[in-house]
Amino acid sequence: MPLLSVMPTCNNSHSIPTRVVSYWKEDKKAVPEKHKQEVKFLRSLAPPLMAALVALLPLCNPPVSFGQFIDAQRGSTLFRQACIGCHDGGGNIVQPGATLFLQDLQRNGIDTEEEIYRITYYGNRRMPGFGENCTPRGQCTFGPRLQDEEIKLLAEFVKLQADQGWPKIESYGN
């Protein structure tokens, strides 16, 4: 049987050497049995492997719904508009010990979304409050106020970023 070639320089007049043909014929009968054993073995492993994969997948890569993704984008946008001036990358240019990194949040007792919401709404020491009903007046921002839902998104975003070690916020889009 002649070899077919797509290479123009190859000569198609050669045939497969007898040694190769005889080896292939001998091995051809052994391959299906060996193949059947391998397939049977792999099929026996498939259910437990799939079960383990399904069980462990949420731990490795938590599922994010489209709504959670949109909330993260909105939180990122709000953060860039209202917070990044002082808290770029989770830091704090005004008060170095009051960063948004998890270790500092825990040390300062502000490691829950509720506490982050409260501080963002009413302010604390040098941080101005951004809530619509923030008081006293001197503690609140002179800039635009944020609605309750916006502060909630900010608190969720800050907590998420802190839990992840403040990866770059550009990953959430512009």
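Leaving ligands, DNA and RNA out of it, report the carbon-plus-sulfur percent of the accessible area of segment 103-174 at a 1.4 Å probe. Walk me through the intermediate numbers first.
On the way: 2080 of 4520 Å².
The C+S portion of the solvent-accessible surface of segment 103-174 is 46 percent.
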Once Lys and Arg are counted +1 and Asp and Glu -1 for all other residues with Cβ under 9 Å from that of Ile116, the total becomes -3
Given a 1.4 Å probe and the protein chains all in place, what does the accessible area of Leu102 round to, in Å² to the nearest 10? 50
Accessible area (Å², 1.4 Å probe, nearest 10) - Arg107: 140
With every protein chain kept in place and ligands, DNA and RNA left out, what is the accessible area per residue of segment 71-135? Probe 1.4 Å, answer in Å². 56
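The values are calculated or read from the model by the stated rules, or taken from the named source; none is laboratory data. Owing to the predicted nature of the structure, the values given are computational and were not obtained by experimental measurement. Neighbour counts are summed over all protein chains in view; Cβ atoms, including those assigned to glycine, are modelled from backbone coordinates with ideal geometry. We work out accessible area using only protein heavy atoms, side chains counted, and drop any ligands, DNA or RNA first. Shrake-Rupley method; radii C 1.70, N 1.55, O 1.52, S 1.80 Å.
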